[in-house]
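Worksheet for the structure shown next.
The values are calculated or read from the model by the stated rules, or taken from the named source; none is laboratory data. Fair warning: this is a prediction, and the values are worked out from it, not measured in the lab. With ideal geometry, Cβ positions are generated from the backbone for all residues, glycine too; neighbour counts draw on all protein chains shown.
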Amino acid sequence: MTTEPSRRIPNRTRPQPSSGESAGAASPAPPALGPEGARQQVARYLGVVTATEEQLRDALILVAERHERNYEIARGATVLAVWSSEHVALLQRQQARYGRMPSESAELVRSVLLGGSRIGVVGELDDLCDLATLAERVEMTWTIVVQGAHELHDDDLLDVASRARDETRRQISWLRTQIEHEAPDAIAVVPDWSGQLAATLPKRPAAIASVPDAIWGPAVAAGLILLVGLIGVVAGRPWLLPSLGPSAALIALQPAHPQARLWNTIVGHILGVAAGFAGIVLAGAAAAPSPILDGQLVIGRVVAATIAIALTVVLTTATRSSHPPATATTLLVALGASATWDKAFAIVAGAVLLAIAGELIRRVRLERRTPAERMAPRPSIASMRLRRPLAPPRSPSVSRPR
């Protein structure tokens, strides 16, 4: 007879401060160890693990809110989100020692997870699997930091990384247990779709975060285009142009993607315009007919477009402003459809309006609050531990196995 794994969240005990150290007083951080190149690598991985922990925390909060009617998942995800938030707080001391290099890798992974309509037990299972994917990435990154701390003989970093890795493994264990219990119902039981749908409906259907992706995406994309168009009509300026359509769709459909951010949208289109003009100059195509306006394609415009696209990709990558829809702006300029300063300004003005409105909507969409935060008076303990966590007291330095 096999015993079922416990579905409870693992108990977690915090080490008590040593006699000479109080929980409220932090000892001064020791200097960074290792040669300059090694310290830069530590800073790189501190940036990766911080960003990944933040994405895992936000994803857990999203799942807690999305599956509020399932008390076990909602409560468990909230507790695990607190753990990730405390890991981020623990990292502040190490970032003060080594620094931190920004990383978008965690945002890129998160942007392809937890999307779409998640209904019933199957939806819960999909969300748990996505959370496990993020948690596994966090655990792997902590393992890299642990091994690096071993080689640098940095007990302070080793203590933080080992504790966080152990707790991440317990997060993964809880997620695996939940998956084991959800899987039989998702596969072997004929679903009652009416009941499944009723159990999936949010408790706050009027909340923006509760709007299904199938409704949110088309509505926001259309709303952004309508907004830019109406402002352009009022101002008497042609600020609504074709290259804004892909930007609106990206912001609406993938709000968590780093390429949908305000910086990427504005700078991407500005660099697209600049690259388009540079392509025309380098190809000597200023007087060439436009395939869009004149219906004639000549080799000069082909060369200009080729150079401009390459420049756009290089420049946006170098400035961390990659925004694929900006390449449509590049082609509009390079192919002669918007190759005057007035038309180029119209593109930039429209992109700025779209980016500002899109960023506001994107932040509203991504802002999530757990049921524990929402139901408690502010400032609640749950809110403080999730949003402004204090690093737990350090444990005495001990040697840890690899």
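Overview of results
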item: Any hit, the stretch 67-74, residues being closer than 23 Å to Ser173 by Cβ, free of Cβ contacts under 8 Å to residues at least 60 places away in the same chain and surrounded by 22 or more Cβ atoms within 10 Å (Cβ to Cβ); result: no
item: Some residue of the stretch 187-194 being at pLDDT below 85, more than 12 Å from Gly120 (Cα to Cα), in a helix (DSSP H, G or I) and under 21 Å from the mean Cα position of the chain (by Cα); result: no
item: Cross-chain or 6+ apart pairs with Cβ under 9 Å, the stretch 247-263 first and at positive phi and crowded, with 21+ Cβ neighbours inside 10 Å, then β-branched (Val, Ile, Thr) and modelled with pLDDT under 95; result: none
item: Residue list for the stretch 78-127, filter: among the β-branched types (Val, Ile, Thr) and in contact with a helix residue (DSSP H, G or I) (Cβ under 8 Å, 6 or more places away or on another chain); result: Thr78, Val82, Val88, Val109, Ile119, Val121, Val122
item: Single residue of Arg110, Arg93 found to be touching a residue at least 40 places away in the same chain (Cβ under 8 Å), under 16 Å from Leu366 (Cβ atoms) and not polar (S, T, N, Q); result: Arg110
item: Selected residue (only one of Glu86, Glu107, Glu68 is among the acidic types (Asp, Glu) and either touching an Asp or Glu at 6+ places or on another chain (Cβ under 8 Å) or in a loop (DSSP other than H, G, I, E, B) (or both)); result: Glu68
item: Count of residues meeting criterion [in a helix (DSSP H, G or I) and either of a type in the set (Val, Ile, Thr) or buried (at least 24 other Cβ atoms within 10 Å of the Cβ) (or both)] in the stretch 318-330; result: 4
item: Filtered residues of the stretch 89-104 (kept if farther than 14 Å from Glu54 by Cβ, part of a helix (DSSP H, G or I) and not charged (D, E, K, R)); result: Gln94, Ala96, Tyr98
item: Any chance Leu386 is among the hydrophobic types (A, V, I, L, M, F, W, C), closer than 30 Å to Leu114 by Cβ, at pLDDT below 95 and part of a helix (DSSP H, G or I); result: yes
item: Residue match in the stretch 356-376 (condition: touching a Gly at 6+ places or on another chain (Cβ under 9 Å), in a helix (DSSP H, G or I), at pLDDT 70 or above and not basic (Lys, Arg)); result: yes
item: Filtered residue count, the stretch 68-88, keeping only those that are touching a Ser or Thr at 6+ places or on another chain (Cβ under 8 Å) and either of a type in the set (Asp, Glu) or within 15 Å of Cys129 (Cβ to Cβ) (or both); result: 1
item: Filter result for Glu151 (modelled with pLDDT under 95 and surrounded by 20 or more Cβ atoms within 10 Å (Cβ to Cβ)); result: no
item: Identity of the residue in the stretch 114-148, of a type in the set (A, V, I, L, M) and in contact with a Ser or Thr (Cβ under 8 Å, 6 or more places away or on another chain), that ends up surrounded by the fewest Cβ atoms within 10 Å (Cβ to Cβ); result: Ile119
item: Filter result (free of Cβ contacts under 8 Å to residues at least 24 places away in the same chain and under 20 Å from the mean Cα position of the chain (by Cα)) within the stretch 113-171; result: Asp126, Met140
item: Hits in the stretch 279-298 - residues which are touching a residue at least 24 places away in the same chain (Cβ under 8 Å) and outside any loop (DSSP other than H, G, I, E, B); result: Gly279, Ile280, Leu282, Ala283
item: Flag if Gly350 is at pLDDT below 95 and either touching a His at 6+ places or on another chain (Cβ under 8 Å) or surrounded by 21 or more Cβ atoms within 10 Å (Cβ to Cβ) (or both); result: no
item: Test: residue in the stretch 391-398 that is within 27 Å of the chain's Cα centre (by Cα) and modelled with pLDDT under 90; result: yes
item: Residue in the stretch 195-220 that is modelled with the highest pLDDT, counting only those that are surrounded by 12 or more Cβ atoms within 10 Å (Cβ to Cβ), in contact with a helix residue (DSSP H, G or I) (Cβ under 6 Å, 6 or more places away or on another chain) and over 14 Å from Leu125 (Cα atoms); result: Val220
item: Index of the failed condition, Ile225 passing every other in (1) part of a helix (DSSP H, G or I); (2) of a type in the set (A, V, I, L, M); (3) more than 17 Å from Leu360 (Cβ to Cβ); (4) in contact (Cβ under 8 Å) with a residue 12 or more places away in the chain; result: (3)
